[in-house]
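Comments concern the structure below.
The values are calculated or read from the model by the stated rules, or taken from the named source; none is laboratory data. Not measured: the values here are computed from a predicted model. Methodologically, a virtual Cβ is constructed for each residue, glycine included, from the backbone with ideal geometry; neighbour enumeration extends over all protein chains shown. We work out accessible area using only protein heavy atoms, side chains counted, and drop any ligands, DNA or RNA first. Shrake-Rupley method; radii C 1.70, N 1.55, O 1.52, S 1.80 Å.
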Amino acid sequence: SSQGMKMYILNTIRIIMYNCMRVLHVIPSISRRYGGPSTAIFSMVNSLYEQDADIHLVATDADGAGGRISLVDYSDIKNLQLFRRDFSETWKVSSQMWSWLKRHVRNFDLVHIHALWSFSSTIAARVCSQQNIPYILRPAGMLSEYSFEHKGWKKQLYWRILESKTIRNASAFHATSEGEEHDIKRARSDANVFVIANGVEYEAFNYPVATDEGAFRSEMVNGCDAPVILFLSRLHPKKGIVDRLLPAFSKMTSRASLLRVGGEDSHYPGHKAEIEKAIQKLNVVGSVHLRDAIEGDDRWALFDLSSLFVLPSHSENFGIVVAEAMARACPVVVTRDVQASPLVDQANAGVIVSGDIDELSSTLDTMVSDPEVCRAMGENGRRYAEENLQWEMIGRQIKSMYASVLP
C-alpha cells in the first residue's frame, strides 16, 4: 500500500539520519560496584560502536564512599570522559560534569540518560531541556514502588523540586522489562516507552566450561561435594538474603551448599554484618560459604560450578545476572519482583516464586534433588539467551529506538 511505502521510506530516512547522529550517554558512575546499570553500559555502548555509531559516554569518577576510578583503567572504552565527584556518595555531585554538559551537549543530536535520583541524570536532563536537545531516559529500576519508598521523604522532596521535570521532559524512555514499562507509565501515563532488555556479554556464551572444577570448588566451597546454590549480587537489603534466602535455605531437607558471592554496597556498609549474624542465628555456618565480589572469567566458572542460581529480591530492575545464568545454562529461581522473571517463564529456564520462605525452601529442595530437570531448564535458558539476549541484537534494537526518536 502507499501508506506502507511511505512508512518504509520514512524509516529508511531515519536510519540514514541515525548513522550521522552523535549520541551522548550520561551515567552517574561506571564502577561495577554499583551493580547492573554501571556494568551493562560498557556492552551497550560497544554494541553501538560496532555499528559505526558516534557514541560518547560521560560519568563521574565515583567508586564507593570517597573512592575514585581512573580513566587509565578504562582506556579501552572509546570516547569516555570521567569527571571528578565533588561530594556525596548518594547523589555523586560533580560541578565539572555540569560545566562540561552546558558547553558541549549542543554538539549532540540525542542524549541517553541512565538512572535517576542522581545529580548527573538531573543536570543532564535540565541542560538538554534548556538547549532543546531530545533525551531518552533509562530509569534503571528507580521508578519502582520499592525505590520510591526507600529514603521516602528525601525522594519525595527531590521529586517535587527536580526529578518530576526529568520525567516530564523526556522524549522517550528505555525500559528493560515490561514491569519497568508499567513503573514508567505510573509516573507518566503518556510516556513513549521502548522495552529493550539488557544483553549478555559475549564471554558468557563462549568462555569454555572447565573440564576439572576441583581446584575452583575447593576455593569457593572448601571442596564440599554437595550441590551448590549460587547467590551472586551486591549486598543490599532488597536482595532478600537475610529475610528470604537464608531462612529458606535453613529449612531445606536436601543436602546443599549455599555460595554467596558479592561485594558490600557502599550505601549499606553494615549489611554484611547482618548477613553473618543471620547465618549464626540460623545455625547454617558450615553450609554457607561467603566470598567477596569476583571479576573476569571466574564469574562464568561460578555458574558452571553451581546446580542453580537464586535471586530472591524484593525489587530488581531486570536483573542482568539472571540473563547471565541463563547464558551459562544454569537454571534459576527468582521472585516475581525480579523484572527479568517473565523471560525465565518464557524460556522455561527455572522457577518463579513469591517471597514466601516455605515456598522458596521447597522449590530449592525440589530442584537440587532433580538434576535432570535442572539440566533441561538450564539448556532452555541458554537457548533463549542465544536467540534473544546477545548484545549485537540488543544494539540493533537501541539503534532503532534512536531512529524513532529523531524529530
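Do any strands (runs of 3 or more DSSP E) lying entirely in region 249-315 carry at least 3 residues that are open to solvent by 10 Å² or more (accessible area, probe 1.4 Å), out of contact with any Pro (no Cβ under 8 Å at 6 or more places or on another chain) and not acidic (Asp, Glu), and which ones are they?
Values: elements: 257-261, 288-291, 308-311.
In region 249-315, the matching strands (runs of 3 or more DSSP E) lie at 288-291.
Would you call LYS78 more than 30 Å from GLU181 (Cβ to Cβ) and at pLDDT 95 or above? Give the steps one after another, and end with the answer.
On the way: more than 30 Å from GLU181 (Cβ to Cβ): yes; at pLDDT 95 or above: no.
Taking the combined requirement at face value, the residue does not satisfy it.
Do any residues in region 257-282 that are within 16 Å of SER233 (Cβ to Cβ) have Cβ atoms under 9 Å from those of residues that are among the aromatic types (Phe, Trp, Tyr) and not in a strand (DSSP E or B), where the two are at least six apart or on different chains, and which pairs are they?
Hits for this filter: LEU258/PHE249; ASP265/TYR34; SER266/TYR34; GLU274/TYR268.
Please list, ordered by first then second residue, the pairs with beta carbon atoms under 7 Å, 6 or more apart or interchain, first in region 183-207 and in a loop (DSSP other than H, G, I, E, B), second basic (Lys, Arg) and surrounded by fewer than 15 Cβ atoms within 10 Å (Cβ to Cβ).
ARG188/ARG168
Has region 133-147 got at least one residue that is modelled with pLDDT of 95 or more, among the β-branched types (Val, Ile, Thr) and not in a helix (DSSP H, G or I)?
For region 133-147, residues modelled with pLDDT of 95 or more, among the β-branched types (Val, Ile, Thr) and not in a helix (DSSP H, G or I): present.
Which of the helices (runs of 4 or more DSSP H) found entirely inside region 336-398 contain at least 1 residues meeting this: within 24 Å of the chain's Cα centre (by Cα), without any contact (Cβ under 8 Å) to a residue 60 or more places away in the chain and within 26 Å of PHE249 (Cβ to Cβ)?
Working: elements: 341-347, 357-368, 371-388.
Result: 341-347, 371-388.
State whether the residues of region 164-181 include one that is open to solvent by 40 Å² or more (accessible area, probe 1.4 Å), in a loop (DSSP other than H, G, I, E, B) and modelled with pLDDT under 95.
First, pick out the residues of region 164-181 that are open to solvent by 40 Å² or more (accessible area, probe 1.4 Å): 165, 168-169, 171, 178, 181.
Imposing the further condition that a residue be in a loop (DSSP other than H, G, I, E, B) reduces the set to 169, 171.
Next, from what is left, pick out any that are modelled with pLDDT under 95: none.
There is no residue in region 164-181 that is open to solvent by 40 Å² or more (accessible area, probe 1.4 Å), in a loop (DSSP other than H, G, I, E, B) and modelled with pLDDT under 95.
Quick test for you: out of GLU392, GLU359, GLU372, pick the one residue that is touching a helix residue (DSSP H, G or I) at 6+ places or on another chain (Cβ under 8 Å), farther than 18 Å from LEU230 by Cβ and open to solvent by 30 Å² or more (accessible area, probe 1.4 Å). Spell out how you get there, then give the answer.
Working: GLU359 fails: touching a helix residue (DSSP H, G or I) at 6+ places or on another chain (Cβ under 8 Å); GLU372 fails: touching a helix residue (DSSP H, G or I) at 6+ places or on another chain (Cβ under 8 Å).
That would be GLU392, the only listed residue that is touching a helix residue (DSSP H, G or I) at 6+ places or on another chain (Cβ under 8 Å), farther than 18 Å from LEU230 by Cβ and open to solvent by 30 Å² or more (accessible area, probe 1.4 Å).
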